[in-house]
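> Just dropping this structure here.
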Amino acid sequence: MDFKKSIIKNFLNNEEYHLIPSTFINPDKDIILSIEKVCNEPLIYKQLFKSRCKDQPYSTKNAEDFLRWAKEGFLKKSHYVFFILDSMSLPIGAIDIKSNDKDNAEIGYWLSTFHSGLMTNTVKELCHQAKVLGFKSLYGLCEESNDKSKSVLKRADFKEVGILKKNQKSYTKLQIMV
């Protein structure tokens, strides 16, 4: 599959960002530090990494492992991670297709709180990339209290299809046919 950088426009200020497959990332010091910094932002850390990191900060090693895992997924066609790059070509977010289930795969994403207005267009572009990869349907799971994430998916034309219980939590499931 021949992927290129996709341009993503920020809805709020029309600034351009790039969405690139993880295989395009060269894990140098600046890339690793950018991922580490964003993943330690309070909202992202609390939502995604606090439990995984056992209340320890998201580390350089975590970022290196994530980059390795992300690249491996594309190469093995088991999962697909794309990075959102700012004007300095540093990652400020990531979005992924979490499996190779072409009929119905889950997506996930995180984005620096300093780059609001970007995620809906990123999700729309991911849906386009998913179609190129042969996916038929995607879904997202949002904690019921996470209205911001639900709004992102709804603006990207995902529809609520139900509530799912997982790990003692309730999630709203939103889905789209690509």
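> For the range 69-126, what value does the Rg/Rh ratio take when both radii are computed over Cα atoms and Rh is the Kirkwood radius, given to two decimals?
Rg/Rh for the range 69-126 comes to 1.00.
> Under a straight-distance cross-link criterion of Cα-Cα below 19 Å, which lysines are reachable from residue 136, leaving out those fewer than 8 residues away in the same chain?
77, 98, 102, 124, 154, 159, 173
> Okay, moving on. Report the charge-dipole magnitude of the chain in Debye, nearest 20, computed about the Cα centre from +1 at each Lys and Arg Cβ and -1 at each Asp and Glu Cβ.
Its charge dipole is roughly 500 debye.
> Here is a further query. Name the long-range amide H neighbours of residue 99: under 5 Å, sequence gap of 5 or more, or other chain; modelled H, no Pro or chain starts.
It is 80, 106, by chain and number.
> Also, quick follow-up: Taking amide H positions as placed 1.01 Å from N in the peptide plane, with prolines and chain starts having none, which residues 5 or more places from residue 11, or on another chain, fall under 5 Å of its amide H?
Long-range HN contacts for residue 11: 118.
> Stokes-Einstein diffusion coefficient for the range 30-99 at 4 °C in a medium of 1.567 mPa s, Rh from the Kirkwood formula over Cα pairs: what value in µm²/s?
Diffusion coefficient, whole number: 103 µm²/s.
> Same structure, new question: When the helices in the chain are scored as -39500 (n - 2.57) per DSSP H run of 4 or longer and the sum is shared across all residues, what 222 nm value do you end up with, to the nearest 500 deg cm²/dmol?
-9500 deg cm²/dmol
> Quick one: compute the contact order of the chain, relative version, from alpha carbon pairs under 8 angstrom and 6+ residues apart, as a percent.
Computed over the chain, the figure is 19 percent.
> For the range 33-48, just list the computed ³J(HN,Hα) in residue order, Karplus coefficients 6.51, -1.76 and 1.60, θ = phi - 60°, integers in Hz, with x standing in for Gly and Pro.
With the stated coefficients, the range 33-48 comes to 5, 5, 4, 4, 4, 5, 5, 9, 4, x, 5, 5, 4, 4, 6, 10 Hz.
> May I ask you to list the GluC sites (Glu not before Pro) in the range 1-83 that are in a DSSP loop and have at most 14 other Cβ atoms within 10 Å of their Cβ?
Passing sites in the range 1-83 are 15.
> If you keep only loop residues by DSSP, which chymotrypsin sites (Phe, Trp or Tyr not before Pro) in the range 1-85 have at most 14 other Cβ atoms within 10 Å of their Cβ?
11
> How big is the range 110-159 on each of its three principal axes, counting only the C-alpha atoms and giving the largest first in Å?
For the range 110-159, the Cα extents along the three principal axes come out at 31, 23, 15 Å.
> Explain nothing, just compute: Karplus ³J(HN,Hα) = 6.51 cos²θ - 1.76 cosθ + 1.60, θ = phi - 60°, for every residue of the range 11-19 in order, whole Hz, x for Gly and Pro.
Karplus values, whole Hz, x for Gly and Pro: 5, 7, 10, 6, 5, 8, 10, 10, 10.
> Across the chain, how large is the tail of the calculated P(r) beyond 28 Å, expressed as a percent of all Cα pairs?
Summing the P(r) of the chain above 28 Å gives 18 percent of all pairs.
> In Å², and per residue, what accessible area does the chain have when probed at 1.4 Å with the other protein chains present?
56
> Given 123, 170, 51, which one lies farthest toward the positive end of the charge dipole of the chain, if we put +1 on the Cβ of every Lys and Arg and -1 on the Cβ of every Asp and Glu?
170
> Considering Cα pairs under 8 angstrom that are at least six residues apart, work out the relative contact order of the range 74-173 and quote it in whole percent.
20
> What trypsin sites (Lys or Arg not before Pro) does the range 1-95 have in DSSP loop regions with at most 12 other beta carbons within 10 Å?
4, 52, 54, 77
> Run the accessible area of the chain with a 1.4 Å probe and give the carbon-and-sulfur part as a rounded percent.
52
> How large is ³J(HN,Hα), in whole Hz, for each residue of the range 138-148 in order, when computed from phi with the Karplus curve 6.51 cos²θ - 1.76 cosθ + 1.60 and θ = phi - 60°, using x for Gly and Pro?
The phi angles translate into 10, 9, x, 10, 10, 3, 4, 7, 8, 5, 4 Hz.
The values are calculated or read from the model by the stated rules, or taken from the named source; none is laboratory data. Just so we're clear, the structure is a prediction, and the values are computed from it rather than from any experiment. All Cβ positions, glycine included, derive from the backbone under ideal geometry; neighbour counts span all protein chains shown. When the accessible area is computed, the model is the full protein with side chains, heavy atoms only, and any ligands, DNA or RNA have been set aside. Shrake-Rupley method; radii C 1.70, N 1.55, O 1.52, S 1.80 Å.
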